[in-house]
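Q: Please find one structure pasted underneath; my questions will follow.
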Amino acid sequence: MLTLGIETSCDETSCAVLKGKDTILSNIVSSSLFRHKKFGGVVPEIASRHCMEQIECVFHEAVRQAHCKPSDLDLIAVTQGPGLIGSLLVGVAFAKSLAYQLGIPLVGVNHMEAHLVANFFGTPEPKRFIGLLVSGGHTMLTFSEKGKIHILGETIDDAVGEAYDKVAKIMGLSYPGGPIIDKLAREGNPRAVHFTRPKQEARFGFSFSGVKTAVLYLVQGFKKTPSPLSSPPCKRGRGEGEGAIKKRLGVSTIKDLAASFQHAVIGWLVEKAIDAAEFKKVKDIVVGGGVSANSYLREKLTRDAAAKGIKVWFPPFEFSTDNAAMIARRGFELYQRGKRSKLNMTGDPGLTIS
Ligand code: KG4
Ligand code: ZN
């Protein structure tokens, strides 16, 4: 059985062909990231236009690399939400027309659920597990049992990936900030700045806007003294460009800030994920979403969880960020459980986990 996966929830346009549950015949990703860089974040209109321009050729390339024809496809799985409405509508409209034309079933998929199953290609999944979903739009802890996913808690403000991107922008770094901060942090001092933990958090909830604001104030207040904390106030001048911020801060301060920020936020994620696993008495934590590519998260969570006898799953790097293979996989699973979406299905930016 061949499933075509289609993913257009944000700035990527991706199509994949999956054979059965595990064999990825193709997985094509066209990113519009380079078009957003100068804005320091994703511009929804640019993202959806890119999806519109790319979807047809990405589809044909996915089918070509899978050595099949459109008429060989048996099922179409498409991201229904959550995401940016303009981008979602491109994928959903394309999927519906193709399903109608080919006369094959269609399944709408939740993007966040798909991030979890990105871990399970070619390997049996645990029966009960904690999900740690960390992306540019979401941060949540989930509990999966008997195929059902329950949300234990989520962020009340920024997502962790969003915090990475915003903090990078504040420090005059490029977009997306996650991988850049991850790299710089390796050479910085994680104890240069202590960020206090948000107080209002629920046991399994998160909040990242406070740490982002703390970084902003530090950057504004930093002139050229070695410690950001002891520096005299120097408000960021109007129109101070990214290059100027970087110059004012200096490379070693940027590395220290990156390391301290990363040390704080990853520490909170790790602590809460392990707490959730102990609370639910499960032995597996499954991580999904773009921030699952983070080297410190991978290292710290694996180490700290192992000390408690808990196994941590991380997707292969190519499936950490958005891709259609994971959508095809989740769609196939749902199809096997009897799910069918109607042709009047539409994109849902706020789709929640079922
Ligand atoms: O899952 P994803 O590709 O898109 C959404 O569904 O949002 O996640 C993108 C997010 C961005 O915020 C990006 O900065 C972050 O993942 N990211 C990382 C790393 N690689 C990507 N964050 C921290 N460390 C990384 N290595
Ligand atoms: Zn994602």
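The values are calculated or read from the model by the stated rules, or taken from the named source; none is laboratory data. Small disclaimer: the values here were computed from a predicted structure and weren't measured. Don't worry about glycine lacking a Cβ; one is built from the backbone with ideal geometry, like all the others, and counts go over all protein chains shown. Side chains included, ligands, DNA and RNA excluded: accessible areas come from the protein's heavy atoms. Shrake-Rupley method; radii C 1.70, N 1.55, O 1.52, S 1.80 Å.
Q: Which one of these is assigned to a loop (DSSP other than H, G, I, E, B), more than 18 Å from A325 (Cα to Cα) and either away from ligand 2 (no atom under 16 Å from the Cβ) or in contact with a Gly (Cβ under 7 Å, 6 or more places away or on another chain) (or both): G131, G136, G122? Don't jump to the end; show me each part of the working.
A: Details: G131 fails: assigned to a loop (DSSP other than H, G, I, E, B); G122 fails: more than 18 Å from A325 (Cα to Cα).
Selected residue: G136, the only one of G131, G136, G122 that is assigned to a loop (DSSP other than H, G, I, E, B), more than 18 Å from A325 (Cα to Cα) and either away from ligand 2 (no atom under 16 Å from the Cβ) or in contact with a Gly (Cβ under 7 Å, 6 or more places away or on another chain) (or both).
Q: Pick from K169, K148: which is within 16 Å of ligand 1 (Cβ to nearest atom) and not assigned by TED's automatic domain parsing to the domain that holds M52? Steps first, answer last, please.
A: Working: K148 fails: within 16 Å of ligand 1 (Cβ to nearest atom).
Only one candidate passes the filter, namely K169.
Q: Take the stretch 254-267 and flag every residue that is without any contact (Cβ under 8 Å) to a residue 60 or more places away in the chain and either charged (D, E, K, R) or open to solvent by 10 Å² or more (accessible area, probe 1.4 Å) (or both).
A: Going through the stretch 254-267, the residues without any contact (Cβ under 8 Å) to a residue 60 or more places away in the chain turn out to be 266-267.
Scanning the stretch 254-267 gives a single hit, G267.
Q: Looking for whichever is at pLDDT 95 or above, surrounded by fewer than 24 Cβ atoms within 10 Å (Cβ to Cβ) and in contact with a Leu (Cβ under 9 Å, 6 or more places away or on another chain) here; the options are T346, T302. Which one fits? Full working, then the answer.
A: Values: T302 fails: in contact with a Leu (Cβ under 9 Å, 6 or more places away or on another chain).
Among T346, T302, only T346 is at pLDDT 95 or above, surrounded by fewer than 24 Cβ atoms within 10 Å (Cβ to Cβ) and in contact with a Leu (Cβ under 9 Å, 6 or more places away or on another chain).
Q: If we keep just the residues of the stretch 1-21 that are in contact with a Phe, Trp or Tyr (Cβ under 7 Å, 6 or more places away or on another chain) and within 15 Å of E333 (Cβ to Cβ), which is most open to solvent (accessible area, probe 1.4 Å)?
A: In the first step, residues of the stretch 1-21 are kept if they are in contact with a Phe, Trp or Tyr (Cβ under 7 Å, 6 or more places away or on another chain); the result is 3, 6, 15, 18, 21.
Next cut, within 15 Å of E333 (Cβ to Cβ) only: 3, 18, 21.
Working: T3: 0, L18: 2, K21: 79 Å².
The extreme case among them is K21.
Q: While we're looking at this one, here's another question. How many residues are crowded, with 16+ Cβ neighbours inside 10 Å, aromatic (F, W, Y), assigned to a helix (DSSP H, G or I) and within 15 Å of ligand 2 (Cβ to nearest atom) if we restrict to the stretch 305-343?
A: 1
Q: Determine whether A324 is under 15 Å from the mean Cα position of the chain (by Cα) and under 21 Å from N110 (Cβ atoms).
A: Numbers: under 15 Å from the mean Cα position of the chain (by Cα): yes; under 21 Å from N110 (Cβ atoms): yes.
Yes: the conditions hold for A324.
Q: Still on this structure, please answer the following. Among the listed residues I55, I46, identify the single one that is within 16 Å of ligand 1 (Cβ to nearest atom), farther than 23 Å from L334 by Cα and part of a helix (DSSP H, G or I). Please lay out each step first, then the result.
A: On the way: I55 fails: within 16 Å of ligand 1 (Cβ to nearest atom).
When all the criteria are applied, what remains is I46.
Q: Report, by residue number, each residue of the stretch 139-162 that is part of a strand (DSSP E or B) and at pLDDT below 95.
A: The answer is K148, and nothing else.
Q: Whether any residue in the stretch 97-120 is in the same structural domain as L18 (by TED's automatic domain parsing), open to solvent by 40 Å² or more (accessible area, probe 1.4 Å), in contact (Cβ under 8 Å) with a residue 12 or more places away in the chain and out of contact with any Lys or Arg (no Cβ under 7 Å at 6 or more places or on another chain) is what I want to check.
A: Scanning the stretch 97-120 turns up at least one residue that is in the same structural domain as L18 (by TED's automatic domain parsing), open to solvent by 40 Å² or more (accessible area, probe 1.4 Å), in contact (Cβ under 8 Å) with a residue 12 or more places away in the chain and out of contact with any Lys or Arg (no Cβ under 7 Å at 6 or more places or on another chain).
Q: Further, regarding this structure: Is there a residue being within 20 Å of P349 (Cβ to Cβ), assigned by TED's automatic domain parsing to the domain that holds F332, open to solvent by 10 Å² or more (accessible area, probe 1.4 Å) and in contact with a Cys (Cβ under 9 Å, 6 or more places away or on another chain) anywhere in the stretch 22-36?
A: Checking the stretch 22-36: not a single residue is within 20 Å of P349 (Cβ to Cβ), assigned by TED's automatic domain parsing to the domain that holds F332, open to solvent by 10 Å² or more (accessible area, probe 1.4 Å) and in contact with a Cys (Cβ under 9 Å, 6 or more places away or on another chain).
Q: I'm checking my understanding of the structure. Among residues of the stretch 226-253 that are under 20 Å from P190 (Cβ atoms) and modelled with pLDDT under 70, which one is surrounded by the fewest Cβ atoms within 10 Å (Cβ to Cβ)?
A: S230
Q: Here's another thing I want to ask about it. Determine whether the stretch 185-207 contains at least one residue that is surrounded by fewer than 21 Cβ atoms within 10 Å (Cβ to Cβ), modelled with pLDDT of 95 or more and within 14 Å of ligand 1 (Cβ to nearest atom).
A: yes
Q: Condition (residue is in contact with a Gly (Cβ under 6 Å, 6 or more places away or on another chain), farther than 27 Å from N119 by Cβ and polar (S, T, N, Q)) applied to the stretch 9-32: is it met by at least one residue?
A: no
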